[in-house]
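Notes for the one structure printed next.
The values are calculated or read from the model by the stated rules, or taken from the named source; none is laboratory data. Keep in mind it's a predicted model, so treat the numbers as computed, not measured. Cβ placement follows ideal geometry from the backbone for every residue including glycine, while neighbour counts extend to all protein chains displayed.
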Amino acid sequence: MSTVARKIAEPKVVGDDDDEIKEWYEGDSETAEDAAQYLLFFLDDSYFATPLLSVREVIEAQSVKSVPSSQSHFLGIFNLRGEITGAVTMTERDRSKANQGRFLVFETDIGPIALVVDDVVAVISLSDDSIDTKVNVKSKVQARHRIGFTKLGDQLITIVDLKKLLTESELININSLKKK
Amino acid sequence: MARRRLGISAKTIGFNVVLLVVSVVLQLMVTDKISRAIASAKEQGRRIDRLNELNVIANKLAETRYWLSDVALTWDMSSIDKAKSAQKVLNAGFKSLSGVDPAAVSTTEKKIEALFDTTINAVTSFATGDKDGGAKMIKDARVINEDIDRMIAGIVASGTTKSGTAQASVGPPAPGTVAEINDANPTDQIVDTISAIQSVAAVSASITAFGLLLFCFVSQRSVVTPIREALKHLLEISKANFSASRSLAESSENLLNTTQDQAAAIEESVAAMTELKSMVSRTAESAQGTRESSDRVAMKTQSGLEAMGRMVTHMDVMDGAVADVINSMNDMERKTNQQLGSVAGIVDDVAEKAAIINNIVLKTQLLSFNASIEAARAGQHGRGFAVVAQEVGALSRIIGKAAQGINELVLKSKVDIKSVIDDMQQQISHSKTSVQKSKAIAKEAVAATHSSNEIFEAIALEMRDVKSKVAFVTDATIEQSKGLDQISLSMSDLQRATDKNSAASDKNRHLSDKLKQESDRLQSLGVAMGVLVEGSVNLRGMGRQVVTFVTPKASSLMDDLMKNAAPGEATAHSSEQVFESPTSPVLSAVATEDSAVNETIGEDVVTSLIQKIKTRGVPQDVKSSSEVDEHEKRSA
């Protein structure tokens, strides 16, 4: 039983209660008009969220073939149903843990890229009002791909934009690496 | 010899007194006729030789008669020889005498011979107790003596034919017949005449003495001798009586003391017997109690033996049971291990299944997320599907939670099972060691039980032995008790007999005292009588002491002597005399009197008593020895 799997199974992480999780879905249904759905995930002891539609699919961790690269957060490539897909991390990540956790697959100009996360927690609905975009707080995540922050219970959740996770040069570099 | 001499001298003194009287008479007669004697001195001188011869004959005759009378008086036959030697000289004198009728001489000699025979016969008759014969002999002797006197007178007359008549009664020639003396020397004649007168006086005195002697002899033979005989017997009897009665008194005193001591000892013995009897009865009770106790012990031992037998059986069963327990414990351990192993396998299976469920949950979650994404892409049309996807996700979370619970339970179960197995194995090993110990203890117990069983069997055997012995002791005690009863009866008999003895000996003592007094009186009476009769008392043959009293004045002296001498003699010799010379008539009488006492005491006891007195002289010892003799006699 892996640690990640246990963390997924444990609702304590987001409130340690079934009712809390239920609340999130109910809240989603109440603010149906002006609310958008986000995918809540867990990485390096922190909760993150990203718009649900920016994610193509969620898959289990795959065995990644590492490719020599100058970019520290590029882990390697893997075969996703015939497509060469690059695997990246948002933070400094131990490469030995590359094939653990979940892969959030999203589309880019150079093809699909998978973000390696520790766990995918839930699908939540958040209104725009609840997202504070102005607050400037120090975070491990770079500000360029950060949309804003929201609070869920006691937890502060960082909302990130996956399309802005990688710069143009990074994408080109990855693409070149994919072609090799 | 001394006493004979004394006796003779006493007689001689008596004779001399008589002789003196006669001589005085004769002297008077001689003095009257002395003038005639001087005148006829010459003629007398001539006859001197003749007279001398006659004198010799007369002397010898007197001597012969004297010795014969001595024989008659003293019964001493040795005097016969002296008489015979005197007779020989007399016969020689007769033969040498001239002018005498030989026929008269031979007749006289024959008469003298007859006098000898008669005297000897008289003595023999008296010696054999024939007093009448003796008296007759004495009469014969008197007749013979008279004949002899006549014949002597005849002889003398024939021998002196020229000198006139001889005096028949006196015998010697009378002074008046000396008329034919014719020799010249007047001085010689006077001297001769005086000597002749003296001779005549002597001869006449002798003749007178012979007459008196004859009278004495006869009177003695007829009166004094029987009295003296009786007196002698009386004195003997009284003497023996005296010492015997003294000894008897002492013996009676001793007997009384001994009897009293014996009575006291018997009383003590009776008391001791009573005590012994009570002790024996107590012993019997104890023995009875011991027998009952031993019976109970034997019963207990028997039941103990039975219990031990059961215990041995049970212990054997227990030993087997312990072995069974060990076997079953081994089985149980094996089975428990198997079952716990299978439980662990089941738990592992459950864990495996739970892992599968968890995997399914993860996949379902992913599916629900992707469904949500697809529903969001569908827009307004995908709204319902989004709800479904959310519900699926929720369900998968619930299932995941349940799977997590299962997983935790499985882990916990595994830990529990492990601890259970460990505990159980510990318990089982502990139980095993306990059971092993139990088995060892049970083995020891079995061994101990077996040895206890043997000990109980030995005790049962011993108890059987003890029972028989106790029974023996009880029987012996009963027999002892019976024997003691009999002894008690015998003791009371003995006590009665001793009481009788005591009374008899007391009476005996009184009688012996009286007897002593009587014998004292008898003795003094006899002595007095002897003094009265003979002027002396010869106590010859009455023990060792001989007392001769010369004069009647010695009577008081004799009394003193009897008082002083007799007790000493009795003390020194009484016991030997009494018990070593049973031929004494007095003693036989005493023995007859004592026979009533000796009947119960026994002569050997008395003898031993005397022996004790003689050897030790301590009455206590005598008493204890007589007691011992009594006990020995009884136990025999």
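From the list B:THR160, B:THR193, B:THR187, B:THR177, which residue is at negative phi, at pLDDT below 70 and out of contact with any helix residue (DSSP H, G or I) (no Cβ under 9 Å at 6 or more places or on another chain)?
Of B:THR160, B:THR193, B:THR187, B:THR177, the one residue that is at negative phi, at pLDDT below 70 and out of contact with any helix residue (DSSP H, G or I) (no Cβ under 9 Å at 6 or more places or on another chain) is B:THR187.
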Counting only residues that are within 60 Å of the chain's Cα centre (by Cα), surrounded by fewer than 15 Cβ atoms within 10 Å (Cβ to Cβ) and not acidic (Asp, Glu), how many does region B:90-149 have?
-> 3
Determine whether B:ILE357 is touching a Gly at 6+ places or on another chain (Cβ under 9 Å), under 20 Å from A:GLY101 (Cα atoms) and more than 10 Å from every other protein chain (Cβ to nearest Cβ).
-> yes
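Results for (1) of a type in the set (S, T, N, Q); (2) surrounded by 13 or more Cβ atoms within 10 Å (Cβ to Cβ); (3) more than 14 Å from chain A (Cβ to nearest Cβ), shown as yes or no for each residue.
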{"site": "B:GLU333", "(1), (2), (3)": "no, yes, yes"}
{"site": "B:ILE373", "(1), (2), (3)": "no, yes, no"}
{"site": "B:GLN380", "(1), (2), (3)": "yes, no, no"}
{"site": "B:ALA386", "(1), (2), (3)": "no, yes, no"}
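Out of B:ALA62, B:ALA114, B:ALA58, B:ALA122, which single residue is part of a helix (DSSP H, G or I), within 19 Å of B:ALA135 (Cα to Cα), in contact (Cβ under 8 Å) with a residue 60 or more places away in the chain and not basic (Lys, Arg)?
The unique qualifying residue is B:ALA122.
For every residue, the table says whether it meets (1) at pLDDT 80 or above; (2) surrounded by 15 or more Cβ atoms within 10 Å (Cβ to Cβ).
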position	(1), (2)
B:SER490	yes, no
B:ASP499	yes, no
B:GLU518	yes, no
B:LEU525	no, no
B:ALA528	no, yes
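Does A:GLN71 satisfy the condition of being assigned to a loop (DSSP other than H, G, I, E, B), surrounded by fewer than 20 Cβ atoms within 10 Å (Cβ to Cβ), at pLDDT 50 or above and away from every other protein chain (no Cβ under 14 Å)? Steps first, please.
Details: assigned to a loop (DSSP other than H, G, I, E, B): yes; surrounded by fewer than 20 Cβ atoms within 10 Å (Cβ to Cβ): yes; at pLDDT 50 or above: yes; away from every other protein chain (no Cβ under 14 Å): yes.
Yes: the conditions hold for A:GLN71.
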Is at least one residue of region B:352-368 crowded, with 19+ Cβ neighbours inside 10 Å, hydroxyl-bearing (Ser, Thr, Tyr) and touching a strand residue (DSSP E or B) at 6+ places or on another chain (Cβ under 9 Å)?
-> yes
Taking region B:388-407 and keeping only residues that are under 16 Å from B:ILE360 (Cβ atoms) and within 9 Å of chain A (Cβ to nearest Cβ), one is left with B:GLY393, B:ALA394, B:ARG397, B:ILE398, B:GLY400, B:LYS401, B:ALA403, B:GLN404, B:ASN407
Considering B:LYS467, B:LYS432, which residue is within 30 Å of B:LYS335 (Cα to Cα), modelled with pLDDT under 85, part of a helix (DSSP H, G or I) and basic (Lys, Arg)?
-> B:LYS432
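Out of all the residues in region B:347-367, is one or more assigned to a helix (DSSP H, G or I) and at positive phi?
There is no residue in region B:347-367 that is assigned to a helix (DSSP H, G or I) and at positive phi.
Regarding region B:241-254, can at least one residue be identified that is within 30 Å of B:THR124 (Cα to Cα) and part of a helix (DSSP H, G or I)? Before you say what the answer is, go through the steps one by one.
So in region B:241-254, the residues within 30 Å of B:THR124 (Cα to Cα) come out as B:241.
Okay, now just the ones that are also part of a helix (DSSP H, G or I), so B:241.
Yes.
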Per the filter on region A:31-68, residues part of a strand (DSSP E or B), charged (D, E, K, R) and either more than 27 Å from B:ALA376 (Cα to Cα) or away from chain B (no Cβ under 14 Å) (or both) are A:LYS65
